[in-house]
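Here the structure is laid out as structure tokens; the discussion comes afterwards.
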Amino acid sequence: MLFRYEETAHVTDQELSAEAPILEPYIERLNKVAKADNYMYEESSINLPFDEHILEKILKLRKKYVTPKLKYILDIGIGGSNLGTKAVYDALYGYTDIVEPDRFPKMIFADTDDPTFIYKLYEFLRTNIEDPREMIINAVSKSGKTTETIVNLDIIASNVPFAKERLVITTAFNSDLWKAARDLDLDCLPIPNKVGGRFSVFSSAGLFPLACLGTDVSSLLKGAMAARKACLNKNVLKNPAAISAIIIFANYTKGKLINDSFFFHPELESLGKWYRQLMGESIGKDGKGITPTVSIGSTDLHSMGQLYLGGIKDKLFTFISTENHGLDISVPQEPLLEILNEVEEKSTSEIMDAILGGVKVAFLKKDLPFTELILDDISPNSLGQFMQLKTIEMMMLGQLMGVNAFDQPSVESYKQETRKILTSK
């Protein structure tokens, strides 16, 4: 993974060096957390990729539940409980689900209480699952009392005949959900108490459903391990998470209140939504915050390009692309419609690279700040690197902004009001 910023981020070496003393003691703390190798600290999510006990437990359960008949994994969760899982799934499989109808297993995400969707989901399970072994249901809620998750779990578990025998619960140890599940003798996977939902993708919350899919979770974790090593470098100016955090913060102080993740692979859109929650929930508090947005190249060049290039300059961009595109196809030498001579015999990867190159030139001419993250490819290892880099980046950005990156008091307020309304009806 390459991180480029030197000529385009609108942050000088002097600015980077000026913020370094703020992060140096925090990097020392992160190294202390890593050395402790436990879950006693708010930052302990950085230890998840190294936890062999978690991996052993989820692989044992995978052996119990995965059979050659498996067709669907229903992931019941919302927010941090499923965005990381969906980011990896969509990157590797989900984006092409509609054109690969015979590829199984597939994942279904029940991350809404929308009446129409939940009704149709229930009907689908009731009428299409002929053998319980075709299905795994994984309900994920760190708190064990997330309204949307418990509602969907109750509907499915109470009305689908085979649900109980194919249900795995992932939650904090001894939460209300954990206790209820154990009373029913259901299999449970714990999420460490100090690991918040948005930091939990490398815990059982993400690893179990992904492992059941056949994803190489060991490679995912190895990518995260490599990123942690780089992001614990005590030399701030050689630490990619620290540099990225300083760039975001420095642009924030200059009025760049929107942070746009611009992915030049549409299958990474859910990865952008995972990062959107990570940033929004981690630093949007105490009257401070940066609004995270997600763009897809080249699609959004035809919807947002005019605003980005011609509108108010209140945004910092990160262009995310890959060195290797994977599968490829070319325009024929003699196409049916001979309209654009310059694309004849060009591969789609060449065309996408040219579009990204054109975007960068246009942004430079407009003096718009951006950085680049270039993944080796779209693979579990590269996704693990990206996600670990970004979680540590966000911890450091919280330090620079003077906020607690690990709580979400305003989210809890809406949950409390929701329960009050439901109780009063």
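The values are calculated or read from the model by the stated rules, or taken from the named source; none is laboratory data. All values reported here derive from a predicted model rather than from experimental measurement. All Cβ positions, even for glycine, are placed from backbone atoms using ideal geometry, and neighbour counts span all protein chains on display. Note: areas computed on protein heavy atoms with side chains; ligands, DNA, RNA excluded. Shrake-Rupley method; radii C 1.70, N 1.55, O 1.52, S 1.80 Å.
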Q) Of Gly305, Val359, Asn381, whose Cα points farthest to the positive end of the dipole of region 277-425 (charges on the beta-carbon: +1 Lys, Arg; -1 Asp, Glu; origin at the Cα centre)? A) Gly305
**Q.** Dipole moment magnitude, nearest 20 debye, the chain about Cα centre, only Lys, Arg, Asp, Glu C-beta charged
**A.** 1620
**Q.** Extension gain from Ala354 to Val99, taking 0.36 nm per residue of separation minus the Cα-Cα distance
**A.** 89.2 nm
**Q.** For the chain, built as a Gaussian network whose Cα springs stay under 10 Å, the top-fluctuating residue of Gly79, Gly310, Gly144
**A.** Gly310
Q. Hey, which lysines would be in cross-link range of Lys256, C-alpha to C-alpha under 26 Å, not counting anything within fewer than 8 residues on its own chain?
A. Lys238, Lys273, Lys285, Lys288, Lys313, Lys315, Lys360, Lys365, Lys366, Lys390
Q) So which helices of the chain fit the span-like rule, where a helix is a whole DSSP H run, its Cα atoms reach 24 Å or more along the axis, and its mean Kyte-Doolittle is at least 0.5? A) 348-365
Q. At a Förster distance of 51 Å, what's the computed FRET efficiency of Lys64 paired with Asn324, Cβ-Cβ distance as r, to 0.05?
A. 0.90
Q) Between region 119-171 and region 293-321, what is the C-alpha centre distance in whole Å? A) 38
(Q) If I stretch the segment between Asp37 and Lys365 completely, what's the gain in nm (0.36 nm per residue apart, minus their alpha carbon distance), one decimal? (A) 113.4 nm
**Q.** Qualifying lysines (Cα of each under 17 Å from Cα of Lys32; at least 8 residues distant if same chain)
**A.** Lys194, Lys229, Lys234
Q) Tell me, in nm to one decimal, what length is gained between Glu345 and Glu130 on full extension, where the rule is 0.36 nm per residue of separation less the Cα-Cα distance? A) 72.6 nm
Q: With a probe of 1.4 Å, find how much accessible area the chain has per residue, and write the answer as a whole number in Å².
A: 47
**Q.** Identified option (computed volume of the Cα convex hull per residue in Å³; candidates [x] 178; [y] 139; [z] 164)
**A.** [z]
Q. Hey, got a sec? Which trypsin sites (Lys or Arg not before Pro) in region 1-103 land in a DSSP loop and have at most 16 other Cβ atoms within 10 Å?
A. Lys69, Lys71, Arg103
Q: Calculate the length of the line joining the C-alpha centroid of region 1-58 to that of region 244-258, in whole Å.
A: 18
Q: Taking the Cα centre of region 110-256 as origin, work out the dipole magnitude from +1 charges on Lys and Arg Cβ and -1 charges on Asp and Glu Cβ, in debye rounded to 20.
A: 1300
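Relative contact order for the chain using alpha-carbon pairs under 8 Å, separation at least 6, rounded to a whole percent?
Worked out over the chain, it gives 23 percent.
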